[in-house]
Amino acid sequence: MIVLTDKAAEKVKEILHGEDKEGLGLRIGIKGGGCSGFSYTLNFDKPNSEIDQVFEDKGIQIIVDSKSFVYLSGTQLDFVDSLNGAGFTFENPNATKTCGCGSSFQA
């Protein structure tokens, strides 16, 4: 399962409403690349029942393809707004190494 912090859920809802994407879910995935091997991906989508794991947390539908789920199971998505910038961060228990920017990992 993948969970959202309260701040992440609020930000996702804000974006969904602001971009007129209500009714879509948050697709979380990975792709090859980045300085540590895999990069995280986030976008809004509808589930494909044949290949997706679908969860709901704090009123947000979370969609993860089966391949990415192997590497993301147990991950917590947060939203941070600080002097260094704002953005989503991933706390991934499957990552054995992460890069300094936090947007890529190795498992």
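Give, as residue ranges, the strands (runs of 3 or more DSSP E) completely inside the stretch 41-107 that count at least 3 residues that are modelled with pLDDT of 85 or more and over 11 Å from the mean Cα position of the chain (by Cα). Lay out the reasoning, then the answer.
Values: elements: 52-57, 60-65, 76-82, 85-91, 104-106.
Per the criteria, 52-57, 60-65.
For the stretch 1-34, give me each residue that is of a type outside the set (D, E, K, R), surrounded by 11 or more Cβ atoms within 10 Å (Cβ to Cβ) and in a strand (DSSP E or B).
Scanning the stretch 1-34 gives Val3, Leu4, Gly25, Leu26, Ile28, Gly29, Ile30.
The values are calculated or read from the model by the stated rules, or taken from the named source; none is laboratory data. Computed from a predicted structure; not experimentally measured. Cβ atoms come from the backbone with ideal geometry, glycine included; neighbour counts cover every protein chain shown.
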